[in-house]
1. Please list, in chain and number order, the residues 5+ apart from E174 or on another chain whose amide H is under 5 Å from its amide H, with Hs placed from the backbone.
2. Along region 124-133, what does the Karplus equation 6.51 cos²θ - 1.76 cosθ + 1.60 (θ = phi - 60°) give for ³J(HN,Hα), rounded to whole Hz, x for Gly and Pro?
3. Name the chymotrypsin sites (Phe, Trp or Tyr not before Pro) in region 259-363 that are in a loop by DSSP and that have at most 15 other C-beta atoms within 10 Å, would you?
4. Which value in nm describes the separation of the simple spin-label points at A283 and D264, placed 7 Å from the Cα toward the beta carbon?
5. Whose amide H sits under 5 Å from the amide H of L208, counting only residues 5 or more places off or on another chain, with H placed in the peptide plane?
6. Which of the GluC sites (Glu not before Pro) across region 47-90 are loop residues per DSSP, with 12 or fewer other Cβ within 10 Å?
7. Just want to confirm a number: the relative contact order over the chain, from Cα pairs under 8 angstrom separated by 6+ residues, in percent.
8. Where in region 218-240 is the amide nitrogen less than 14 Å from a point lying 7 Å along the Cα-to-Cβ axis of D212?
Amino acid sequence: MKIRDDGTYLIDAAKLETLVADMLTRVGVAVEDARIVADSLVSADVRGMNSHGVMRLPVYIERLQRGGFKPGSRGRVVSETPATALIDGEEGLGAVLTSSAMDLAIDKAKRTGIAAVGIRNSNHNGENAYYVKRAIAADMIGIATTNGSPIMPVWGGKTMLTGPLPIAIGVPTEKARPIILDAALGMSSRGKILYYAEKGMTLPDGWLVDRDGNPTNDPNWVKKGGWILPIGGHKGWGLILACEILSGLLTGGKFGQELTNLYDDLDAPQRNGHFVIAIDIGAFIDIGMFKQRMDEYIGIMKASTLAPGTEEILMPGEIEDRKEIKHREEGIPIGRSVVDEVVSLAGTLGSDADLIDQLEART
C-alpha cells in the first residue's frame with residue numbers, strides 16, 4: 001500500500017468491507033451480522049466520518065474475544081404494540097440490533113403511519129446516519145438516537161453523567177440529495193476528538209475543556225478527565241438530556257454512570273440504549289408530492305443570496321454524500337496507523353492472505 005502525502009492510505013471500500021466482515025466471522029460473528037457491522041463501519045469511513053469507522057474495529061474485536069460483546073445475541077422483543085416495540089439487546093452488537101430495530105419500525109409504520117422501537121442492553125452502534133438511511137430507502141423519514149458512557153457533566157456541573165449524544169434525521173427527496181442530519185450534540189463526538197489525537201491535530205476553540213473546566217485545544221484531555229462542551233450551551237445540554245431519556249430511561253435500560261465506556265472493562269457489556277422512529281410519509285401526504293416539495297424547498301434554499309465568505313449553500317449530509325461518491329470511486333483515505341493495525345490484526349486472526357493482499361491503495 002502506498003502512503004499519500006497526508007500520511008493516509010487510499011483504500012478500496014469494497015475490499016476493506018470484505019476483509020472487516022471476514023475478521024468479524026473469525027471471532028464468532030454470524031456471516032450476515034458481520035456483513036452489517038462491516039458495512040456500518042466502512043460506510044462511516046466512506047462518508048468521511050472516520051471517527052466512527054474501522055478505527056473502532058480493533059476494540060470491537062477485543063470486546064468480542066473477551067465477552068463484552070455477545071456475537072450470538074440478536075435481541076429479543078420484550079413488549080410490543082402495533083406501533084411500538086421494546087427490544088432487549090442481550091449484549092449484542094449495536095449495529096445489528098439498531099438495524100433490526102429500524103427495519104421493524106419501518107414495517108410497523110407501513111401499517112400505522114408512525115412507529116418507534118427502543119433497545120436496551122446493547123453496545124456501541126456507530127454512526128446513526130446508517131440507520132436513518134434505511135428509512136429513506138423505504139420512502140420514510142427516519143430518526144435515530146442513542147445514549148453512551150458518561151464523558152461530560154450536566155450543564156453547570158463537573159461530575160461525569162452523560163455524553164455528547166447524537167441524533168440523526170433522514171428525509172427522502174426526488175432528485176436532490178436526501179437530507180441526512182447526523183449530529184453529536186456536543187461540539188464534537190469523542191470519536192472525532194480521539195481521531196484528532198491520533199493524528200496529532202489541534203482542536204478548534206470551544207470544543208473541549210480540561211479536568212478543571214478550563215478551555216483547551218489539546219485533544220488528549222478527552223482521555224484525561226476533560227470533557228466535551230455541548231452545542232449551544234444549556235440548550236444543547238437539554239437536547240442531550242432528551243436523547244438520554246428516550247434511549248436509557250424510556251427503554252427501562254441503563255443510563256449515566258451505569259454505562260461502560262467502549263474502551264474500558266472490555267469483558268463487560270456497555271449496556272447502551274438506542275431509540276429509532278420511522279414516519280410513513282404516505283400517511284400524511286402523497287409520497288411523490290412530498291419528494292417534489294422537498295426538491296423545490298432545497299432549490300429555494302440553495303438559491304439564497306450568499307453571506308460574505310460563503311461559497312455555496314449546503315444541505316445536511318451533502319458534504320458526506322459527495323465524499324461517499326468520491327471515495328467509492330477513488331478509494332477511502334484512512335490513517336496509516338489505523339490501516340496498519342487492522343491489517344496486523346487480520347493476520348493474527350488468520351484472515352485469508354488474499355483478502356489482506358487485495359487491500360491495495362488506489363491512486
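1. D295
2. Working through the residues one at a time gives 3, 10, x, 7, 6, 4, 4, 8, 6, 5 Hz.
3. Details: sites: Y263, F275, F284, F290, Y297; in loops: Y263, F284.
In loop regions of region 259-363 (DSSP not H, G, I, E or B), the sparsely surrounded chymotrypsin sites (Phe, Trp or Tyr not before Pro) are Y263, F284.
4. The modelled label-to-label distance comes out at 4.0 nm.
5. T216, L229
6. Details: sites: E62, E80, E90; in loops: E90.
For GluC sites (Glu not before Pro) across region 47-90 that sit outside H, G, I, E and B with at most 12 neighbouring Cβ atoms in 10 Å, the list is empty.
7. Details: 810 pairs, mean separation 87.8, N = 363.
Taking the mean separation of contacting Cα pairs over the length of the chain, I get 24 percent.
8. Output list for this probe position: 226.
Read-outs throughout are calculated quantities, based only on the coordinates presented, and are distinct from any laboratory measurement. Keep in mind that this is a model prediction, so the values were computed, not measured. As a convention, Cβ positions derive from the backbone with ideal geometry for all residues, glycine included, and neighbour counts pool all protein chains shown.
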